[in-house]
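Notes follow the structure.
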Amino acid sequence: MEQNAKDYIIEKVKGLISAPSCCAEAKEAGRNWLDALGTDKEKETAKILIAELEEDIMPIEGLIAFAGSEAGAQVFGAEKAKEVLAHAEELKASGAKYCDCAACAASEAILEKKEALL
């Protein structure tokens, strides 16, 4: 992998695992990939990381549906859910495909470079 791409992905993976919105499985996949860098397990852990991120990243339509639901109101609280919904609708209007929380933003950046990981 080209060093600039590798450095970029390392930075994004570190951001992912430090994001409060990152799930435990993605944190583990990210840590495992970082630990495997330069070893014979690097490609294997990269595939696992990519699969996890593809599963976890929140499409903007999903965020809109969740934030506007009763479940969203329970998770965020009623007022915060309204704010998240409004923000998600603004994101969609601007052409965003995914949620822009720290975990999803890092996931999107990593997935854009997934070919470099493999």
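Among the candidates 32, 4, the residue that is at pLDDT below 95, in a helix (DSSP H, G or I) and either of a type outside the set (D, E, K, R) or crowded, with 19+ Cβ neighbours inside 10 Å (or both) is uniquely 4.
The set of residues in segment 80-103 that are part of a helix (DSSP H, G or I) and either surrounded by fewer than 18 Cβ atoms within 10 Å (Cβ to Cβ) or at pLDDT below 95 (or both) comprises 80, 82, 83, 86, 87, 89, 90, 91, 92, 93, 102.
Candidates 45, 39: the one that is surrounded by fewer than 14 Cβ atoms within 10 Å (Cβ to Cβ), of a type in the set (S, T, N, Q) and under 27 Å from residue 2 (Cα atoms) is 39. The C-beta contact set for segment 102-118 (first residue polar (S, T, N, Q), second residue in a helix (DSSP H, G or I), distance under 7 angstrom, 6+ apart or interchain) comprises 107/16; 107/53; 107/56.
Look at segment 45-57: where a residue is touching a residue at least 60 places away in the same chain (Cβ under 8 Å) and a partner is assigned to a helix (DSSP H, G or I) and of a type in the set (D, E, K, R), sitting 6+ places away or on another chain with Cβ atoms under 6 Å, you get 50/114. Restricting attention to segment 93-116, the residues that are farther than 20 Å from residue 22 by Cα and either more than 17 Å from the chain's Cα centre (by Cα) or among the aliphatic types (A, V, I, L, M) (or both) add up to 4. Applying the condition of being touching a helix residue (DSSP H, G or I) at 6+ places or on another chain (Cβ under 7 Å) and of a type in the set (Ser, Thr, Tyr) to segment 90-118 and asking which residue is nearest to residue 68 (Cα to Cα) yields 98. Is there a residue in segment 104-113 that is of a type in the set (Asp, Glu), buried (at least 17 other Cβ atoms within 10 Å of the Cβ), in contact with a Phe, Trp or Tyr (Cβ under 8 Å, 6 or more places away or on another chain) and in a helix (DSSP H, G or I)? The answer is yes, given that some residue of segment 104-113 is of a type in the set (Asp, Glu), buried (at least 17 other Cβ atoms within 10 Å of the Cβ), in contact with a Phe, Trp or Tyr (Cβ under 8 Å, 6 or more places away or on another chain) and in a helix (DSSP H, G or I). Checking each residue of segment 65-77 against the condition of being at pLDDT 95 or above and under 17 Å from the mean Cα position of the chain (by Cα) gives at least one match. Scan segment 1-28 for residues that are under 16 Å from residue 109 (Cα atoms), among the small types (Gly, Ala, Ser) and more than 11 Å from the chain's Cα centre (by Cα) and jot them down. 5, 18, listed by residue number.
Take residue 65 and tell me if it is in a helix (DSSP H, G or I) and either in contact with a Pro (Cβ under 7 Å, 6 or more places away or on another chain) or in the same structural domain as residue 1 (by TED's automatic domain parsing) (or both). Judged against the criteria, residue 65 is not a match.
The values are calculated or read from the model by the stated rules, or taken from the named source; none is laboratory data. In this text, all values refer to a predicted model and were calculated from it rather than measured experimentally. All Cβ positions, even for glycine, are placed from backbone atoms using ideal geometry, and neighbour counts span all protein chains on display.
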